[in-house]
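Enquirer: Supplied in C-alpha cells, the structure appears directly below.
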Amino acid sequence: SQQGEEDPQALSIQEGENATMNCSYKTSINNLQWYRQNSGRGLVHLILIRSNEREKHSGRLRVTLDTSKKSSSLLITASRAADTASYFCATRLYYQLIWGAGTKLIIKP
Amino acid sequence: DAEITQSPRHKITETGRQVTLACHQTWNHNNMFWYRQDLGHGLRLIHYSYGVQDTNKGEVSDGYSVSRSNTEDLPLTLESAASSQTSVYFCASSGETGELFFGEGSRLTVL
C-alpha cells in the first residue's frame, strides 16, 4: 500500500528555476527519505530526515518535514538539465519503508 | 567500491517458465529487498530479508520466492511466470543508516 503521495505528479520548469515537490503520508513515521530515479536506472538516495527534524540541507536540496501535517517538501534550487528525473518519497516506520508514486520533473533548457 | 548488481538486465520468457533474477551486493548489508515497479503503482515490495536464512513476504509476494543462503545474494524466483509479472524488478540493500542502495533493475517480459 502507498503511504507517501507526491504532489504534483509531474512538473516542468525552466533551467535555473527552483523546483518544489511535496509528499504527504498517513501514519506516524521514524524518518522520511527522498530518492531520485533517472530514466531506466535504479533509485538513488538523496536525503533522509528524521521525525524529530524539521529541515535538512544537502547541496542544492532542501527538505522540510511537518509531522503535524504529515507532509514533507523537497526543494531543488537552481535546477539543471541533469535534475530531470522522477523523485520519490518513502516513509519508514520501524522496519517498513512505504513508497509514493513519484513526481516526474522535467527541466527545460 | 561497494555495489549492488542485478542480472540479467533484460529477460524475455514465456508463460509458465521458471525465471530467476540474481542480486548480488558487496556492501555487506544484512537487509535486502526485491521490488517491482509498474506505471501507476510506484514501487511495490515483493520479498525482503534481514539476514542469512531469513526471508519475509512483502505486499505482492504471490508467485515469487526468495532464498538467502549468504549475506551477498538474494535471488528472486518466479516459479511459473505469468504475463502479469511483466515488470521492472529492483533489488536493494540497506545497512544501519536505513537508506537503500538500489541495483540498476531487471526488465522482465513474459509473453
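Enquirer: Do we find a residue being closer than 21 Å to residue A:40 by Cα and in contact with a Gly (Cβ under 6 Å, 6 or more places away or on another chain) anywhere in segment B:55-78?
Expert: no
Enquirer: I would also like to ask the following. Residue A:45 fails exactly one of the following numbered conditions: (1) closer than 18 Å to residue B:99 by Cα; (2) surrounded by 18 or more Cβ atoms within 10 Å (Cβ to Cβ); (3) more than 10 Å from chain B (Cβ to nearest Cβ). What is the number of that condition?
Expert: (3)
Enquirer: Looking at segment A:68-86, is at least one residue open to solvent by 20 Å² or more (accessible area, probe 1.4 Å), closer than 29 Å to residue B:5 by Cβ, more than 14 Å from chain B (Cβ to nearest Cβ) and under 14 Å from the mean Cα position of the chain (by Cα)?
Expert: yes
Enquirer: Testing residue A:40 on (1) open to solvent by 40 Å² or more (accessible area, probe 1.4 Å); (2) facing another protein chain (nearest Cβ under 10 Å); (3) within 15 Å of the chain's Cα centre (by Cα), one condition comes back false. Which one is that?
Expert: That leaves (3) as the condition not met.
Enquirer: Considering only residues that are of a type outside the set (A, V, I, L, M) and assigned to a strand (DSSP E or B), look in segment B:71-95 and name the one that is surrounded by the fewest Cβ atoms within 10 Å (Cβ to Cβ). Quick ask: steps written out before the conclusion?
Expert: From segment B:71-95, those of a type outside the set (A, V, I, L, M) are B:71-73, B:75, B:77, B:79-80, B:83-87, B:89-91, B:93-95; that's our starting set.
Filter once more, keeping what is assigned to a strand (DSSP E or B): B:73, B:77, B:87, B:89-91, B:93-94.
Details: B:73: 16, B:77: 14, B:87: 21, B:89: 23, B:90: 26, B:91: 30, B:93: 26, B:94: 22.
For segment B:71-95, the residue satisfying everything is B:77.
Enquirer: Run down B:86, B:71, B:15, B:26 and say which single residue is within 15 Å of the chain's Cα centre (by Cα), farther than 30 Å from residue A:23 by Cα and among the hydroxyl-bearing types (Ser, Thr, Tyr). Can you show your working first?
Expert: Details: B:86 fails: farther than 30 Å from residue A:23 by Cα; B:15 fails: within 15 Å of the chain's Cα centre (by Cα); B:26 fails: within 15 Å of the chain's Cα centre (by Cα).
Matching residue, one of B:86, B:71, B:15, B:26: B:71.
Enquirer: In this structure, does residue A:106 turn out to be within 14 Å of another protein chain (Cβ to nearest Cβ) and in contact with a Ser or Thr (Cβ under 6 Å, 6 or more places away or on another chain)?
Expert: For residue A:106, the condition - within 14 Å of another protein chain (Cβ to nearest Cβ) and in contact with a Ser or Thr (Cβ under 6 Å, 6 or more places away or on another chain) - is not met.
Enquirer: Could you list, in sequence order, the residues of segment B:96-111 that are in a loop (DSSP other than H, G, I, E, B), within 14 Å of chain A (Cβ to nearest Cβ) and over 10 Å from the mean Cα position of the chain (by Cα)?
Expert: Within segment B:96-111, B:96, B:97, B:98, B:99, B:104 qualify.
Enquirer: In segment A:81-104, what residues are over 13 Å from residue A:44 (Cα atoms) and assigned to a strand (DSSP E or B)?
Expert: A:91, A:92, A:93, A:96, A:97, A:98, A:99, A:103, A:104
Enquirer: Pairs needed: first member in segment A:72-89, touching a residue at least 60 places away in the same chain (Cβ under 8 Å); second member anywhere, buried (at least 17 other Cβ atoms within 10 Å of the Cβ) and outside any strand (DSSP E or B); C-beta distance under 6 Å; at least 6 residues apart or different chains.
Expert: A:88/A:100; A:88/A:102; A:89/A:4; A:89/A:100
Enquirer: Let me ask another. Considering (1) farther than 26 Å from residue A:94 by Cα; (2) touching a residue at least 40 places away in the same chain (Cβ under 8 Å); (3) more than 12 Å from every other protein chain (Cβ to nearest Cβ); (4) open to solvent by 20 Å² or more (accessible area, probe 1.4 Å), say which one residue B:10 fails and leave the rest.
Expert: For residue B:10, the failing item is (3).
Enquirer: What number of residues in segment B:61-70 are part of a loop (DSSP other than H, G, I, E, B) and surrounded by fewer than 19 Cβ atoms within 10 Å (Cβ to Cβ)?
Expert: 6
Enquirer: Identify the residue in segment A:4-37 that is closer than 20 Å to residue B:44 by Cβ and assigned to a loop (DSSP other than H, G, I, E, B) and, among all such residues, is nearest to the other protein chains (Cβ to nearest Cβ).
Expert: Among them, the one singled out is A:4.
Enquirer: Cβ-Cβ distance below 8 Å, separation of 6 or more or different chains: which pairs start in segment B:43-63 with a residue that is hydroxyl-bearing (Ser, Thr, Tyr) and end on one that is in a loop (DSSP other than H, G, I, E, B)?
Expert: From segment B:43-63, the pairs are B:48/B:58; B:49/B:68; B:49/B:74; B:50/A:95; B:50/B:30; B:55/B:67; B:55/B:68.
The values are calculated or read from the model by the stated rules, or taken from the named source; none is laboratory data. Note that this is a predicted model, so its numbers are computed, not measured. No Cβ is skipped: glycine too gets one built from the backbone with ideal geometry, and neighbour counts run over all protein chains shown. Calculation scope for accessible area: heavy atoms of the full protein, side chains included, ligands and nucleic acids excluded. Shrake-Rupley method; radii C 1.70, N 1.55, O 1.52, S 1.80 Å.
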